[in-house]
Protein chains: 2
Amino acid sequence: MNPADLSSQPSPWINQPGPDFEIVISSRVRLARNLEGYEFKPCLSAQRQNEILEILTPALLSLDQKLYYIDVDKIAAVERELLAERYLISPAHVRGKGPRGVAIAEEENFSAMINEEDHLRMQAYAPGLQLKACLDRVNQIDDQIEKKVRFAFHPRFGYLTACPTNLGTGIRVSVMLHLPGLKMTGQIDKFFAAARDCNLAVRGAFGEGSETVGDFYQLSNQVTLGVAEAEVVSNFTEKIVPKIVEYERAARQTLIEQSPYVVDDKIQRALGVLRNARLISSQEALVLLSQVRLGVHIGRIFEIQVSKINNLFFHLQPAHLQMRAGKSLDPDQRDSFRAQVIRKALSPN
Amino acid sequence: MNPADLSSQPSPWINQPGPDFEIVISSRVRLARNLEGYEFKPCLSAQRQNEILEILTPALLSLDQKLYYIDVDKIAAVERELLAERYLISPAHVRGKGPRGVAIAEEENFSAMINEEDHLRMQAYAPGLQLKACLDRVNQIDDQIEKKVRFAFHPRFGYLTACPTNLGTGIRVSVMLHLPGLKMTGQIDKFFAAARDCNLAVRGAFGEGSETVGDFYQLSNQVTLGVAEAEVVSNFTEKIVPKIVEYERAARQTLIEQSPYVVDDKIQRALGVLRNARLISSQEALVLLSQVRLGVHIGRIFEIQVSKINNLFFHLQPAHLQMRAGKSLDPDQRDSFRAQVIRKALSPN
C-alpha cells in the first residue's frame with residue numbers, strides 16, 4: 001500500500017450504504033492497548049519502541065485479515081498527512097517521533113497504530129450508524145492479537161493506558177454527523193447542550209483544526225473507566241444518536257415545508273459556486289459541500305451522487321491535493337487546485 | 001405600440017454595435033423645449049396641458065420618421081414604470097399628473113415626452129459612444145418640429161426652460177458607463193473626482209434609485225447656459241469619455257496580467273450564482289451581471305453573448321418582471337421570478 005496511490009481514490013468504505021448515512025456519515029470505535037512489561041510511550045527509548053514494533057507488527061500481519069504495514073517514521077511528511085486526512089493515523093502519530101507504524105486494511109476501514117500515545121491503537125470504521133459492527137471488528141482483532149501478546153491489564157482498573165482518560169476498556173466511540181438542518185433552523189445549540197449533558201465531546205470533522213466547519217461534527221464519549229464497551233456502544237446506538245437523527249430529520253422537514261425557496265436558493269447557489277470557483281479555501285468548500293450534501297439528501301439536487309461529495313471531504317485536504325498534484329503547493333496554489341478538483345468532480349457532464 | 005409587448009423584448013437599439021461599447025454602454029442627448037405663449041408646466045391647468053398635447057402630438061406624429069404615441073395618463077401604473085425602465089420616459093413623467101404623453105420610435109432609440117417638466121423633452125439614444133449621432137438626430141427632429149410650432153426663445157438666454165439649469169441650449173448629454181476595472185483596481189474614486197472637476201454629475205444606472213450598483217454609472221453635463229450644443233458633445237466625445245475609456249481599459253489589462261486567478265474566480269463565481277440562484281435581489285443581480293459582463297469583454301467567458309446581459313439590465317427590473325409574469329409580484333416573488341428569468345437567459349444550453 002503506497003500512500004501516493006490513495007490521493008485521488010475514494011476512501012473505499014465511506015460510500016457503502018449504512019443506516020442513517022444521510023445524517024451519520026460514519027461510525028468509529030477505537031481501542032487502546034499497551035504491552036505488559038514495557039513503559040508507556042512517553043518514557044520509551046527508541047530501542048524499546050523498536051522492540052514493540054517487532055512484537056506487534058508480526059502479530060498484526062498474521063491476522064485472518066490481510067493488513068498492509070506502513071513505516072510511519074520512514075515515509076514523507078506529506079504522506080503522513082495524507083494518512084491522517086483519511087483517518088488511518090492520528091494527528092499525534094503524524095507529529096510523533098521515532099520508530100512507529102500503522103497496519104491498514106485494504107478497504108481502509110481498519111487501522112492499527114503502533115507506538116502512538118499507546119503501544120497499540122486499533123480503530124474500525126463503518127459508514128452510517130454501525131458502532132456495533134465496528135466494536136465487533138476491533139474486539140475480534142483484539143482477541144486474535146491477545147493470543148499472541150500480553151496486554152497490560154489490572155484486575156480493578158482494566159486495560160492500562162498512557163492517559164488515564166482511556167483507562168478501563170480503552171474504548172473511544174465516535175460518530176461523524178452532518179447536521180445542516182439543526183444549524184439552519186437555529187437549533188444547533190441544543191445539540192451542543194445535549195452533548196455536554198451526556199458528557200460527550202463535540203469536535204469538527206474534516207477540518208484542519210478541531211473547529212467545526214460546514215455543519216460536520218464528530219461526537220465521541222469521554223468516559224472509559226467503569227463503563228462496559230457494549231454499554232457505551234448501545235448508549236450511542238440506541239439512545240443518543242437516534243435522538244439526534246430524529247431532530248435533524250425533523251429540522252430538514254421543517255426547512256422543506258416552511259422555506260423551500262430559501263433552502264433551494266442556498267443549495268443551488270452553493271452548487272453554482274463550487275462548479276465555478278477558480279479559488280476556494282478548504283473552509284469555504286466544506287461549508288458549500290455541506291449545503292450541497294443536504295440538497296442531495298432532501299431531494300433538491302438530483303444529478304450529483306452523494307459519494308462524489310463524500311470523496312471530496314478527503315480529496316480537498318492539503319496533503320491529498322499536494323500528492324495528487326505531485327508537488328508541494330503553497331496555500332494560494334492549493335486554493336486554485338482545490339477549485340479545479342471540485343469542478344472536475346461536480347461537473348454537470 | 002403596447003407596453004405589455006415590450007416586457008420580454010430587448011430594447012432594440014442597445015445591442016447594435018457601437019464605438020467602445022464594452023465600456024460605454026450607451027449615449028444619450030436630450031433637448032428641452034417649451035411652447036411660446038404657454039405657462040411653464042408647474043403653472044399649467046389641465047385644460048392648457050391638453051392644448052399643448054393637441055399642438056405637439058400631431059407635430060410629432062407627422063415627422064419623416066414614424067413615432068408611436070402613448071397616452072401616459074391613461075395607461076396602467078406598471079406600464080408607466082416599464083417605459084421608465086426602458087428610458088423612454090423619465091421617473092418624473094411616471095409620477096406626473098394630468099394629460100401627458102410620449103411619442104416613441106419603434107427602435108426605442110428616440111422618444112419625446114409631452115408635459116413632463118418642460119412642454120417637450122426629446123431624447124435620442126445610441127449604443128456605445130455616439131453622442132454626435134444622438135445630437136444630430138434630436139436637432140433634426142427639433143428643426144422639423146420648429147417649422148410647425150413656436151418655441152419660447154430669448155435672444156440672450158436661448159431656449160427657455162422650466163428649470164434654469166436647462167436654460168440656453170436645453171441640452172443634456174449623458175453616457176452610461178461600465179467601469180468594473182476601475183472599481184476592482186481601487187481607482188474608481190479618481191473617476192468621481194475627475195467628474196466633479198469637470199462639473200459633471202455621476203449617478204447610478206439601471207438602479208431603482210439613483211445609487212450606483214454594479215459598477216454602472218451615468219455621467220452627464222450640468223451646465224447648459226452659455227455652452228453650444230456641439231461644444232458640450234465634442235467635449236464629451238473627444239476629451240472626457242475617451243480618457244475614462246483609456247483608464248478603464250488599462251485597469252482591465254492590469255487585472256488580467258496581475259491577478260488572473262482572482263479575476264477569473266470572481267467572474268466565474270458570479271456566473272455560477274446567477275445560473276443557480278433561486279432568489280435574487282435586483283441589486284445583487286446587477287453586481288453579478290457587472291462581473292459577468294466584464295468577463296465576456298476581457299475574454300474570460302466565451303459562451304455568453306453580451307446582448308443577453310444587456311437585455312437583463314432591463315428585464316430584471318420590477319415593472320418588466322411583473323408585466324412578464326402577467327401579475328403583480330411582491331418583493332419576495334420578484335426575487336424568485338427574477339432568478340428564474342436570469343437562469344433562463346444565461347442557461348448553458
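The values are calculated or read from the model by the stated rules, or taken from the named source; none is laboratory data. Owing to the predicted nature of the structure, the values given are computational and were not obtained by experimental measurement. Here the Cβ positions follow ideal geometry from the backbone for every residue, glycine too, while neighbour counts run over all protein chains shown.
Structure notes:
- B:GLN268 meets each of the listed conditions (1) in contact (Cβ under 8 Å) with a residue 24 or more places away in the chain; (2) away from every other protein chain (no Cβ under 14 Å) apart from (2).
- When restricted to residues that are in contact with a Phe, Trp or Tyr (Cβ under 6 Å, 6 or more places away or on another chain) and surrounded by 23 or more Cβ atoms within 10 Å (Cβ to Cβ), the range B:149-172 contains 1.
- Each residue in the range A:277-286 was checked for being within 14 Å of another protein chain (Cβ to nearest Cβ) and either part of a helix (DSSP H, G or I) or touching a Cys at 6+ places or on another chain (Cβ under 9 Å) (or both), and 2 pass.
- Test: residue in the range A:55-66 that is modelled with pLDDT of 95 or more and of a type in the set (Ser, Thr, Tyr): yes
- Test: residue in the range A:181-188 that is among the small types (Gly, Ala, Ser), surrounded by fewer than 20 Cβ atoms within 10 Å (Cβ to Cβ), assigned to a loop (DSSP other than H, G, I, E, B) and within 14 Å of chain B (Cβ to nearest Cβ): no
- Qualifying position, being within 19 Å of the chain's Cα centre (by Cα) and surrounded by 17 or more Cβ atoms within 10 Å (Cβ to Cβ), among B:LEU44, B:LEU60, B:LEU31, B:LEU35: B:LEU31
- Restricting A:GLU79, A:GLU51, A:GLU22, A:GLU85 to residues that are more than 24 Å from the chain's Cα centre (by Cα), at pLDDT 90 or above and of a type in the set (D, E, K, R) narrows the list to A:GLU51.
- Selection within the range A:333-344 - more than 24 Å from A:GLY204 (Cα to Cα) and away from chain B (no Cβ under 14 Å): A:LYS344
- Cβ pairs under 7 Å, 6+ apart, first in the range B:108-135 and without any contact (Cβ under 8 Å) to a residue 12 or more places away in the chain, second in a strand (DSSP E or B) and not β-branched (Val, Ile, Thr): none
- A single member of A:GLY214, A:GLY168 is over 30 Å from A:ILE267 (Cβ atoms), assigned by TED's automatic domain parsing to the domain that holds A:ASP20 and either under 19 Å from the mean Cα position of the chain (by Cα) or touching a residue at least 24 places away in the same chain (Cβ under 8 Å) (or both), and it is A:GLY168.
- Reported count of residues in the range B:154-205, each being in contact with an Asp or Glu (Cβ under 8 Å, 6 or more places away or on another chain) and at pLDDT below 90, is 8.
- Top-ranked residue in the range A:303-332 [being within 14 Å of chain B (Cβ to nearest Cβ) and outside any helix (DSSP H, G or I); ranked as surrounded by the most Cβ atoms within 10 Å (Cβ to Cβ)]: A:ILE304
- Residue check for B:SER290: out of contact with any strand residue (DSSP E or B) (no Cβ under 6 Å at 6 or more places or on another chain), away from every other protein chain (no Cβ under 11 Å) and surrounded by fewer than 19 Cβ atoms within 10 Å (Cβ to Cβ): no
- Qualifying residues in the range A:232-276 (those that are of a type in the set (Gly, Ala, Ser) and modelled with pLDDT under 95) - the one farthest from B:SER336 (Cα to Cα): A:SER234
- Residues within the range B:16-46 that are touching a residue at least 60 places away in the same chain (Cβ under 8 Å) and part of a loop (DSSP other than H, G, I, E, B), tallied: 14
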